[in-house]
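For reference, the structure discussed in these notes is given below.
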Ligand code: SF4
């Protein structure tokens with residue numbers, strides 16, 4: 001496993017420090033404010049949950065097909081340093097922090113599940129950081145895995161660019177946690193995803209997680225254009241399926257590079273050697289710029305042809321924040337609504353992992369509640 005450097009840890013209360021075995025941590029009742037998101041990565045603040053942590057993924061919007069995944073804001077900022085990371089433009093306080101009283105997060109999830117017992121919830125902890133990169137210090141994923149095992153109609157998604165899986169391998173997860181990787185060819189990992197685990201290390205971690213029986217998710221997102229993209233993405237697919245079985249996959253998402261226009265300047269400033277923002281991009285109705293549609297279609301077509309030669313039909317394949325007509329052109333169909341895609345997840349997971357989905361709402365219910 002990649003050795004993560006030890007970082008200074010402070011905690012909001014002595015009991016949070018004690019709970020994590022960090023008795024020597026500094027106690028700082030007020031969260032430190034760090035304007036520089038990079039400096040904020042150099043230490044970790046363990047805090048109590050504040051307000052609401054459960055939410056819908058912030059990118060939801062009706063112009064694009066959204067998967068309607070729910071998020072649990074349990075970590076903020078990340079020890080990695082990807083050139084395209086939206087956190088460099090988003091965080092007003094860059095102090096890297098994690099919720100230490102995991103039981104409060106679980107309580108909030110339980111209340112939310114009780115409000116819609118017919119619904120299958122996918123809940124991720126990655127919206128403002130990486131689900132596993134800090135695990136050796138916070139033990140948060142392990143606590144969530146054990147709690148989700150007993151929650152009805154919900155699956156936890158731990159999405160990472162790390163190889164920090166050793167501490168979760170022996171847990172009795174009950175198929176109620178999907179461990180997923182955001183993954184790119186080695187060239188992109190090495191040049192753009194600074195400080196993350198190498199491709200070889202991510203693949204080795206994937207194999208360990210497969211052997212531990214966890215369902216796996218893959219996110220080919222953001223796909224990045226560069227002269228050798230096609231051969232490299234095809235090779236990546238071969239490398240993955242030389243390592244794990246397609247049957248181990250719960251879901252796979254595909255999406256191209258996109259970001260708010262203000263990010264361009266930030267990326268140029270923070271990553272002067274990066275080339276990824278210099279490709280022609282257009283502004284979409286969601287306020288993000290992305291590659292022009294002919295380029296996106298070209299990339300998806302070639303990528304999907306290769307990926308489809310492996311995929312198990314019960315794996316959910318979806319585009320992240322793409323238009324309905326892009327789905328049609330690449331896959332020959334599209335969900336009719338955001339609620340419909342959410343329903344497809346529930347239906348396929350019910351068949352593939354019966355313990356994940358105990359009760360099944362109707363398509364009409366998913367559509368009627370797609371904004372809640
Ligand atoms: S792993 Fe995710 S959260 Fe961390 S720096 Fe990269 S893009 Fe940002």
* All positions within the stretch 147-164 that are within 16 Å of the ligand (Cβ to nearest atom), part of a strand (DSSP E or B) and touching a residue at least 60 places away in the same chain (Cβ under 8 Å) -> 157, 159
* Asked: Any idea which residue in the stretch 121-141 is nearest to residue 89 (Cα to Cα), counting only those that are more than 11 Å from the ligand (Cβ to nearest atom) and either free of Cβ contacts under 8 Å to residues at least 12 places away in the same chain or in a loop (DSSP other than H, G, I, E, B) (or both)?
  -> 125
* Just a yes or no: is a residue in the stretch 44-55 over 13 Å from the mean Cα position of the chain (by Cα), away from the ligand (no atom under 14 Å from the Cβ), crowded, with 23+ Cβ neighbours inside 10 Å and free of Cβ contacts under 8 Å to residues at least 60 places away in the same chain? -> yes
* Which residues, counting only those in the stretch 87-111, are touching a strand residue (DSSP E or B) at 6+ places or on another chain (Cβ under 8 Å) and buried (at least 18 other Cβ atoms within 10 Å of the Cβ)? -> 91, 95, 96, 97, 98, 99, 100, 105, 109
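Considering the stretch 193-209 alone, what residues qualify as being in contact with a strand residue (DSSP E or B) (Cβ under 6 Å, 6 or more places away or on another chain) and either on the phi < 0 side of the Ramachandran plot or more than 16 Å from the ligand (Cβ to nearest atom) (or both)?
Selection gives 193, 194, 202, 209.
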* Structure fact -> Checked 341, 269 against criteria (buried (at least 17 other Cβ atoms within 10 Å of the Cβ) and in a helix (DSSP H, G or I)); the one match is 341
* Structure fact -> Restricting attention to the stretch 165-191, the residues that are within 16 Å of the ligand (Cβ to nearest atom) and within 17 Å of the chain's Cα centre (by Cα) number exactly 8
* Structure fact -> When residue 285 is run through (1) in a helix (DSSP H, G or I); (2) out of contact with any strand residue (DSSP E or B) (no Cβ under 8 Å at 6 or more places or on another chain), the failure sits at (1)
* Mind counting the residues in the stretch 144-174 that are over 29 Å from residue 194 (Cβ atoms) and touching a helix residue (DSSP H, G or I) at 6+ places or on another chain (Cβ under 9 Å)? => 11
* Count of residues meeting criterion [surrounded by 15 or more Cβ atoms within 10 Å (Cβ to Cβ) and either closer than 30 Å to residue 333 by Cβ or within 14 Å of the ligand (Cβ to nearest atom) (or both)] in the stretch 26-41 -> 3
* Hey, can you tell me all the residues within the stretch 294-316 that are surrounded by fewer than 20 Cβ atoms within 10 Å (Cβ to Cβ) and either modelled with pLDDT under 95 or not in a helix (DSSP H, G or I) (or both)? => 309, 310, 311, 312, 313, 314
* Which ones in the stretch 61-120 are without any contact (Cβ under 8 Å) to a residue 40 or more places away in the chain, within 13 Å of the ligand (Cβ to nearest atom) and either farther than 24 Å from residue 287 by Cβ or part of a helix (DSSP H, G or I) (or both)? -> 90
* Asked: If we scan the stretch 24-35, do we find a residue that is out of contact with any strand residue (DSSP E or B) (no Cβ under 6 Å at 6 or more places or on another chain) and closer than 27 Å to residue 192 by Cβ?
  -> yes
* To do: Would you mention how many residues in the stretch 221-233 are crowded, with 16+ Cβ neighbours inside 10 Å and over 20 Å from the mean Cα position of the chain (by Cα)?
  => 3
* Asked: Taking the stated definitions as given, is residue 241 in contact with a strand residue (DSSP E or B) (Cβ under 7 Å, 6 or more places away or on another chain) and either surrounded by fewer than 20 Cβ atoms within 10 Å (Cβ to Cβ) or not in a loop (DSSP other than H, G, I, E, B) (or both)?
  -> no
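The values are calculated or read from the model by the stated rules, or taken from the named source; none is laboratory data. Just so we're clear, the structure is a prediction, and the values are computed from it rather than from any experiment. Cβ sites come from the backbone with ideal geometry, for glycine too, and all protein chains shown count toward neighbours.
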